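Comments concern the structure below.
The values are calculated or read from the model by the stated rules, or taken from the named source; none is laboratory data. Predicted model only: the values in this text are computed from it and were never measured. Counting neighbours? That spans all protein chains shown, and the Cβs are built from the backbone with ideal geometry, glycine included. Heavy atoms of the whole protein, side chains included, go into the accessibility calculation; ligands, DNA and RNA do not. Shrake-Rupley method; radii C 1.70, N 1.55, O 1.52, S 1.80 Å.
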Amino acid sequence: MDLHYRSSMRDWYRRVRRNQIETDRRIVRRQNYHLKKKLEKIEAQRITKVAHRKGFIKASLVGYTNAGKSTLLNILTKSDVLVEDKLFATLDSTTRSLPLENKQTLLLSDTVGFNGNFRII
Ligand SMILES: Nc1nc2c(ncn2[C@@H]2O[C@H](COP(=O)(O)OP(=O)(O)OP(=O)(O)O)[C@@H](O)[C@H]2O)c(=O)[nH]1
Ligand SMILES: [Mg+2]
């Protein structure tokens, strides 16, 4: 292999690498952009939710895991959240509305259950 051939191969390889790096950067930038947009949307939805909840009465079902919190939420709010005879069936809190007799609305939240000791003082 003569020297000239080797050096042109090296140049070609460098160009390919540079193009590849630029392409990768563009892909990462685009993914970043889309993730940022997604985050902004989630944040906006969260703010809307919080604003929407202002003025409502709020209550949470809190207790040990597998105690029946989700079952109670379903009965009270005629919902269909996951109920299972196992620990930590609920992994995230869920809120449902419950119309009260005085025409007000109660926002009732099911929560992730406790495990271990917690004292009621
Ligand atoms: N015997 C009896 N079983 C109940 C009662 N309430 C709920 N269960 C049962 O207890 C199990 C657990 O109920 P869940 O409502 O999922 O309990 P949870 O507190 O939400 O549990 P995690 O979400 O896992 O923390 C289910 O198999 C229910 O059918 C009750 O009043 N009596
Ligand atoms: Mg539950």
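Among V50, I21, H34, flag the residue with its Cα farthest along the positive direction of the charge dipole of the chain, charges on Cβ as +1 for Lys/Arg and -1 for Asp/Glu. Highest projection toward the positive end goes to I21. In the context of the full set of protein chains, the chain has a per residue accessible area of 88 Å² (1.4 Å probe). For region 67-121, the set of trypsin sites (Lys or Arg not before Pro) satisfying both a DSSP loop assignment and a count of at most 15 other C-beta atoms within 10 Å is given as K78, K86, K103, R119. The longest stretch of the chain left intact once loop-based GluC sites (Glu not before Pro) with at most 14 other Cβ atoms within 10 Å are removed from consideration, loops following DSSP, is 1-83. A Cβ-based charge dipole, computed about the Cα centre of the chain with Lys and Arg at +1 and Asp and Glu at -1, lands at about 860 debye.
Backbone phi angles across region 16-29, fed through the Karplus curve with coefficients 6.51, -1.76 and 1.60 (θ = phi - 60°), yield HN-Hα couplings of 4, 4, 4, 4, 4, 4, 5, 4, 4, 4, 5, 4, 4, 4 Hz in residue order; Gly and Pro are listed as x.
To the nearest 500 deg cm²/dmol, what mean residue ellipticity at 222 nm is calculated for the chain from DSSP H runs of n ≥ 4 alone, each contributing -39,500 (n - 2.57), summed and divided by the residues?
Numbers: 2 runs with 60 residues, N = 121.
Helices in the chain give a 222 nm mean residue ellipticity of -18000 deg cm²/dmol.
Cα gyration tensor of region 1-52, axes a ≥ b ≥ c as square roots of the eigenvalues: rounded (a/c below 1.5), prolate (a/b > b/c) or oblate? List each step's numbers first, then the result.
On the way: a/c = 12.96, a/b = 11.95, b/c = 1.08.
It is prolate, given that a/c is not under 1.5 and a/b is the larger ratio.
Here S79 and Q31 are evaluated by their C-beta separation; at R0 = 22 Å the FRET efficiency comes out at 0.05. Sequence-ordered 3J(HN,Hα) estimates for region 59-71 from the Karplus curve with 6.51, -1.76 and 1.60 and θ = phi - 60° stand at 8, 10, 8, 10, x, 4, 5, 6, 7, x, 5, 5, 4 Hz, glycine and proline given as x.
Using every Cα-Cα pair within the chain, state what percent have a distance larger than 24 Å. Above the 24 Å cut-off, the chain has 59 percent of its Cα pairs. On the protein heavy atoms, probe 1.4 angstrom, tell me the percent of accessible surface of region 1-52 carried by carbon and sulfur. Accessible surface attributable to carbon and sulfur in region 1-52 totals 57 percent.
Mind checking which lysines have their Cα closer than 23 Å to the Cα of K54? Skip sequence neighbours fewer than 8 apart in that chain. Leaving aside lysines fewer than 8 places away in the same chain, those within reach of K54 are K41, K78, K103.
Going by a ≥ b ≥ c, the root eigenvalues of the Cα gyration tensor, does region 32-103 fall in the rounded group (a/c under 1.5), the prolate group (a/b larger than b/c) or the oblate group?
Working: a/c = 2.96, a/b = 1.36, b/c = 2.18.
Because a/c hits 1.5 or more and a/b fails to exceed b/c, region 32-103 counts as oblate.
What the Cβ-Cβ distance of H52 and L87 gives, at R0 = 22 Å and to the nearest 0.05, is a FRET efficiency of 0.10.
Modelled spin labels at T71 and N19, positioned 7 Å past Cα toward Cβ, are 6.6 nm from each other.
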